[in-house]
Amino acid sequence: MSDSATQLEWVPKASEIAREAGGQLREFLAQGVETEYKGDVDLVTVADRTVEMFIRTRLGEVFPDHGIYGEEGTRERLDQQYRWYVDPLDGTTNFAHGIPHFCVSMGLEQRSPELAADQDGKIVAGVIYNPMLDELFTAERGKGVWLNGRPIHVSAVPDLGEALVATGFPSRKRHDSPNIHFYQEFTLRSHGVRRAGSAALDLAYVACGRFESFWEFHLNPWDTSAGFLLVEEAGGRISNFSGGPFQLNSREVLASNGHIHDELIGFFKDLFAGRDLTPIPTPREYAERRAAREAATQK
Ligand code: IPD
Ligand code: CA
Ligand code: CA
């Protein structure tokens, strides 16, 4: 098989696997599964482990030369040029409580041999599947991004005041995360902040324009790799909290539709520096600003 034929198969084959894996998650949810603790606070279920094993087997059959790095412990062929980051169940806490909002996430990284272990390669393909809504998000570097086969793009919303944004709180680091301060500020300055419980879906929702932004501390490559490519291919922007390049291991992710990115970075800068922020507008001031902006765009 030639290289280009293999490349053409990345997204279709991975989509097939993600759909099958998602079907298994749906069945596990219907049956009900017991929840265990992985470490002190992180939840895990038989569904996380079984589905990771399934994805590992199927990826190994379809792409025998690709490595696999999975949340539930899979570490295979990591010296290869291509590596899949796999989250078999992103949204375990929702799943364990019977809330139908979770997904399978798979991102493909291309790594050159000279890269050090802690350096990122290039994410070249991404697949995120929500089995409860039968929504399949796919992206290929330089070619585009789709939801169930239709091209998607980020929203055109111009400022935070008109935005719906999202975040999350990782369970393991929750005691020393400053995120609650950002949560509060952004809640009072936007249409609201959603904490929906699946970082990969949050990124997919930025890509398709449902959210204007998503940020979180302490995520891992299996949470962000696929969503990162989706956002970029959808015309959005993704960075660390200072506006520098997003890195899979940086533990800072700030994604947006691009239009509100600099405004968000300004808030991060001020909050980290302990500076007072601009006063929160009253509902009346908020409406006046909106009217002024609408009038300006109609001129
Ligand atoms: C979690 C979800 C959640 C985010 C956590 C992640 P998991 O992944 O993406 O939204 O806030 O930080 O760990 O554990 O359900 O795969
Ligand atoms: Ca996850
Ligand atoms: Ca997971």
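In this structure, residue 76 and residue 101 have a Cβ-Cβ separation that, at R0 = 25 Å, corresponds to a calculated FRET efficiency of about 0.30.
Listed by chain and number, the lysines whose C-alpha is less than 25 Å from the C-alpha of residue 13, apart from same-chain residues fewer than 8 away, are 122, 143. Based on protein heavy atoms only, the chain ends up with 47 Å² per residue of surface accessible to a 1.4 Å probe. Identify all lysines with a Cα-Cα distance to residue 38 below 30 Å; exclude those on the same chain that are fewer than 8 residues away in sequence. The reachable lysines, counting only those whose Cα sits under 30 Å from residue 38, are 173. Charging the Cβ of each Asp and Glu at -1 and of each Lys and Arg at +1, and nothing else, the dipole of the chain about its Cα centre rounds to 620 debye.
In terms of the mean number of neighbouring beta-carbon atoms within 10 Å, the peptides 26-36, 139-149, 96-106 order highest first as 96-106, 139-149, 26-36.
Using the Cα centre of the range 23-171 as the reference point, and only Cβ charges (+1 on K/R, -1 on D/E), how large is the resulting charge dipole? Debye, rounded to the nearest 20.
On the way: 13 positive and 24 negative charges, 96 e Å.
Rounded to the nearest 20 debye, it is 460 debye.
Of the residues 78, 250, 158, the one whose Cα sits farthest towards the positive end of the charge dipole of the chain is 158 (charges of +1 on Lys and Arg Cβ, -1 on Asp and Glu Cβ, taken about the Cα centre).
Using a 1.4 Å probe on the protein chains only, how many percent of the accessible area of the chain belongs to carbon and sulfur?
Working: 6960 of 14030 Å².
Roughly 50 percent of what the probe reaches on the chain is carbon or sulfur.
Over the range 3-150, Cα pairs under 8 Å with separation of 6+ residues give a relative contact order of 21 percent. Taking every DSSP helix (H) stretch of at least 4 residues in the chain, weighting each as -39,500 (n - 2.57) and dividing the sum by the residue count yields a mean residue ellipticity at 222 nm of -12000 deg cm²/dmol.
The values are calculated or read from the model by the stated rules, or taken from the named source; none is laboratory data. Computed from a prediction, not measured in an experiment: that's the story for all the values here. Here Cβ is always computed from backbone atoms with ideal geometry, including for glycine, and neighbour counts include all displayed protein chains. Note: accessible area is taken over every heavy atom of the protein model, side chains too, but ligands, DNA and RNA are not part of it. Shrake-Rupley method; radii C 1.70, N 1.55, O 1.52, S 1.80 Å.
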